[in-house]
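Colleague: Dropping the structure in here first, questions after.
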Amino acid sequence: MKKTAIAPANIAFIKYWGKKDEVLRLPSNGSISMNLSGLTTTTTVEFSKSYKKDLVTIDGLVKADEEKRVIEHLDRIRNMAGIFQKAKVVSLNSFPASTGLSSSASGFAALTLSAASAAGLNLSERNLSILARLASGSACRSIPSGFVEWLEGTDNNSSYAVSLHPPDFWNIVDIVVIVSREKKEVPTSAGQKYASTSPFFPVRLSRINDKINQIKTFMKEKNFLRFGELVEAEALEMHAIMLTSQLPLIYWQPETLLIMKAVQNWRKDGLLVYFTVNTGQDIHLICEKEFIKRVKTKLKKIKEVKNIIVNYTAEGAKNIGRHLF
Ligand code: PMV
């Protein structure tokens, strides 16, 4: 059967950095995110006797590293469904992959839903989220809709994501600022392994549940000021762990820092916008909808800014009828 799914990337407000179980991808802590309307992956999967091996193309190319992870995931799904047929997988990103814009989250969420449906499995949202997590941790957060919490859990069945609020709950946006198309040197899944080597990691973990509760309260109250302050402080804390781990990881480029400084200066002039950054040079600016125009005008004056993508809060992964082949 042939099935197609579309899934959004997501931006974490409280981050997932570090695992307590490598194989099951159980995170060291829970995390909170929002799905992004402008960063999506569409994937079509077909299982058929006519394929002699798995055929995987991403953005029109065969990519050895990604292909291996995709085939491992297809194997998980074939095992669950009790089928043996090989598959054709065609996947298209709406944005540049592997530059820190979470293509693995949207990619593996779309693959999970399309492949599970094509294999004839009818999984609950919870079980889809668990399955997506096994392929890429943050992908579990791209299954439910809107504003999402990944419950840390203690074993395979208790670590999954749930929707906290639907997409239209709060008028906030994530403006992605692309400053470079360079690929990151250390992929996220490799970088995650170093988290626990930072001397500050235990301190982070001792405070993280309080932070999760705080951000949930600020979201519920729609208290943008306190929310933004916490989002920015959390991004800097995660990067403090990266900078002080063995291997030290510096994911920023000079342009990333330039935008961070600019954002802090704009705030002094009353423009309420905050930044967050993942494992790449590109930076996410969070503000309320009414400020989009002002933020864009400011960004357009900075020559290092290559592209801007405005993201509204999006639904989670869903099946669609339009196939890619
Ligand atoms: O799911 P992964 O292995 O791509 O890890 C995502 C890690 C961060 O983007 C840095 C943080 C997060 O919670 O999304």
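The values are calculated or read from the model by the stated rules, or taken from the named source; none is laboratory data. All figures in this text were calculated on a predicted structure; none of them were measured in a lab. We place every Cβ from the backbone using ideal geometry, glycine too, and count neighbours over all the protein chains shown. The area values use the complete protein model at the heavy-atom level, side chains included, leaving out ligands, DNA and RNA. Shrake-Rupley method; radii C 1.70, N 1.55, O 1.52, S 1.80 Å.
The rows are residues; the columns are (1) in contact with a strand residue (DSSP E or B) (Cβ under 6 Å, 6 or more places away or on another chain); (2) hydrophobic (A, V, I, L, M, F, W, C).
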site	(1), (2)
ASP210	no, no
PHE218	no, yes
GLY228	yes, no
MET242	no, yes
TRP252	no, yes
LYS268	no, no
ILE302	no, yes
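Colleague: List every residue pair whose Cβ atoms sit under 6 Å apart, with the two residues 6 or more apart in sequence or on different chains, where the first one lies in the stretch 90-106 and is more than 25 Å from TYR51 (Cβ to Cβ) and the second, anywhere, is open to solvent by 10 Å² or more (accessible area, probe 1.4 Å) and modelled with pLDDT under 80.
Modeller: So the pair list comes out as PRO96/ARG181; SER98/LYS183; GLY100/LYS184; LEU101/PHE95.
Colleague: Now a separate question. Do you know which residues across the stretch 21-66 are under 19 Å from the mean Cα position of the chain (by Cα), under 14 Å from SER91 (Cα atoms) and surrounded by fewer than 18 Cβ atoms within 10 Å (Cβ to Cβ)?
Modeller: Of everything in the stretch 21-66, just one residue is under 19 Å from the mean Cα position of the chain (by Cα), under 14 Å from SER91 (Cα atoms) and surrounded by fewer than 18 Cβ atoms within 10 Å (Cβ to Cβ), namely ASP59.
Colleague: Restricting attention to the stretch 152-163, and to residues there that are part of a strand (DSSP E or B) and touching a helix residue (DSSP H, G or I) at 6+ places or on another chain (Cβ under 7 Å), which single residue is least open to solvent (accessible area, probe 1.4 Å)?
Modeller: Within the stretch 152-163, the subset part of a strand (DSSP E or B) is 160-163.
Next, from what is left, pick out any that are touching a helix residue (DSSP H, G or I) at 6+ places or on another chain (Cβ under 7 Å): 160-161.
On the way: TYR160: 39, ALA161: 2 Å².
Among those residues, the one meeting the criterion is ALA161.
Colleague: Also: Give the stretch 130-151 a look and list any residue that's in a strand (DSSP E or B) and either over 14 Å from the mean Cα position of the chain (by Cα) or away from the ligand (no atom under 13 Å from the Cβ) (or both), or say none. Write out each step before concluding.
Modeller: Narrowing the stretch 130-151 to residues in a strand (DSSP E or B): 147-151.
Residues satisfying the conditions are PHE147, LEU151.
Colleague: Given PHE218, PHE224, which one is aromatic (Phe, Trp, Tyr) and touching a Phe, Trp or Tyr at 6+ places or on another chain (Cβ under 6 Å)? It would help to see each step written out before you state the result.
Modeller: Working: PHE224 fails: touching a Phe, Trp or Tyr at 6+ places or on another chain (Cβ under 6 Å).
The conditions single out PHE218.
Colleague: Restricting attention to the stretch 168-184, does a residue exist that is surrounded by fewer than 20 Cβ atoms within 10 Å (Cβ to Cβ), within 12 Å of the ligand (Cβ to nearest atom) and touching a residue at least 40 places away in the same chain (Cβ under 8 Å)?
Modeller: yes
Colleague: Would you list the strands (runs of 3 or more DSSP E) that sit entirely within the stretch 1-88 and hold 2 or more residues that are within 16 Å of the ligand (Cβ to nearest atom)? So that I can check it myself, show each step before the final result.
Modeller: Numbers: elements: 2-14, 19-21, 31-48, 55-58.
Hits in the stretch 1-88: 2-14, 19-21, 31-48.
Colleague: Tell me, which strands (runs of 3 or more DSSP E) lie completely within the stretch 237-325 with 2 or more residues that are open to solvent by less than 60 Å² (accessible area, probe 1.4 Å)?
Modeller: Details: elements: 273-277, 283-288, 307-311, 318-320.
By residue number, 273-277, 283-288, 307-311.
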